[in-house]
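Comments concern the structure below.
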Amino acid sequence: MLTVAGDLTLDEMEARVQAVFGDWVPAGPPAARAVATPLALDRPLEVLTYSEPTLTPTVGACRLQGWRLQGPDTLERRQRNLTRSFWSRILARRFQLLSQGVEAPFASASLSQSAWAREADAVCLNVVPGADGDWRRALGAALAEVRRFERDGPEPAEIQRLIEIDRRSASNFVAQAEDRFSSTLADGLLSIFALHDLDPGTFDSPWQRRDLYEQVLPNVTPEAIREAFAAAWNGSEPRLALILTPPPPVEEVAAVWRTAMSGEMAARTAAGGAATWAYGDPGPPGRVVEQISIEAPACAGRAPVSPRPCSSIRWTSGSIWPSTTAGAAARAIPTPMMCPRLRSPGCSRPSRPRCGCGWRGPISQPAMRARP
């Protein structure tokens with residue numbers, strides 16, 4: 001396969017290709033095309049475990065269904081995609097919240113639906129165990145949340161949160177519409193080409209996208225989201241793949257999956273209500289004791305100082321730390337002045353001080369950092 005790009009006509013391009021590759025001959029008979037066979041979706045649960053210490057420990061499970069084309073870009077297709085987007089994003093946020101805290105059952109988890117080229121639609125759950133490495137607990141907690149979503153669906157507050165995010169994003173797209181010379185606009189035009197040559201998309205303007213979103217939104221109800229997820233999730237028996245050191249026995253992995261899929265599930269704590277601020281009362285507001293300004297160092301000789309702001313202040317407990325970045329003018333500043341306390345290998349050359357020899361100190365002392 002040869003791919004060519006350039007600002008030439010098709011005839012000119014073909015002539016150039018023929019001139020370079022026209023005398024090539026195959027080394028043997030052409031390879032026979034593999035016969036496409038349908039995926040065996042009735043296969044039982046299968047497990048693959050292997051050990052790779054250099055990779056992140058991961059537990060993955062995919063459930064498959066027959067591959068389906070998206071079809072023409074209709075309101076039904078947009079509604080279907082929006083529904084899938086909602087259940088995917090809601091579960092992603094639930095997993096994110098579950099992964100926070102010292103006692104979190106896993107470090108991260110995700111669930112997504114994707115097409116395996118012309119073979120299957122796959123819904124895959126991926127879980128990274130926590131610091132304790134307990135993959136059984138991690139997989140069980142993730143599956144419990146998935147099954148709970150399948151049974152109860154999303155909460156109105158979760159849907160409303162996504163609607164507000166989408167509407168803000170749509171308004172921003174309308175306000176910041178790309179012009180004809182934008183690379184982002186070009187990427188958008190290219191993205192409409194058919195997926196695997198069979199499933200084309202449609203390019204629309206930001207305001208068209210906003211209006212179409214509002215047209216399909218009334219049909220994206222909590223029950224519709226729950227039903228769409230249940231239909232996507234209940235495919236074949238899972239294909240489980242685990243990267244763990246040491247790898248657990250295949251029989252144990254299968255048993256953990258079956259137990260997690262059949263155990264009791266508690267109701268989820270409601271997502272509504274006001275958010276709780278994580279910090280206590282900081283007390284009354286403070287007051288400004290003194291305002292100071294940090295000026296750029298004076299130029300020496302012909303070495304200019306950049307007119308752009310080059311000073312910053314960092315506050316820490318009990319101290320204020322100013323930092324100034326000097327341009328080429330820093331070469332005229334003696335090295336001891338640049339590095340009164342810290343001297344890195346770059347500071348051994350007074351004519352070219354480096355950022356590595358920078359020094360920061362309390363506000364009562366001079367502080368300056370050099371840039372090459």
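Data overview
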{"item": "Residue 213 accessible area, 1.4 Å probe, all protein chains in place, Å² to nearest 10", "result": "40"}
{"item": "Segment residue 231-residue 173, length gained on full extension (0.36 nm per residue, minus Cα span)", "result": "17.6 nm"}
{"item": "Kirkwood Rh and Cα Rg combined as Rg over Rh, evaluated for the range 47-103", "result": "1.13"}
{"item": "FRET efficiency, residue 252 to residue 132 (Cβ-Cβ, R0 25 Å, nearest 0.05)", "result": "0.90"}
{"item": "Estimated inter-spin distance, residue 119 and residue 27, nm [label 7 Å along Cα→Cβ]", "result": "2.6"}
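The values are calculated or read from the model by the stated rules, or taken from the named source; none is laboratory data. Just so you know, these numbers come straight off a predicted model, no measurement behind them. Cβ coordinates were reconstructed from backbone atoms using ideal geometry, including for glycine residues, and neighbour counts include every protein chain displayed. Heavy atoms of the whole protein, side chains included, go into the accessibility calculation; ligands, DNA and RNA do not. Shrake-Rupley method; radii C 1.70, N 1.55, O 1.52, S 1.80 Å.
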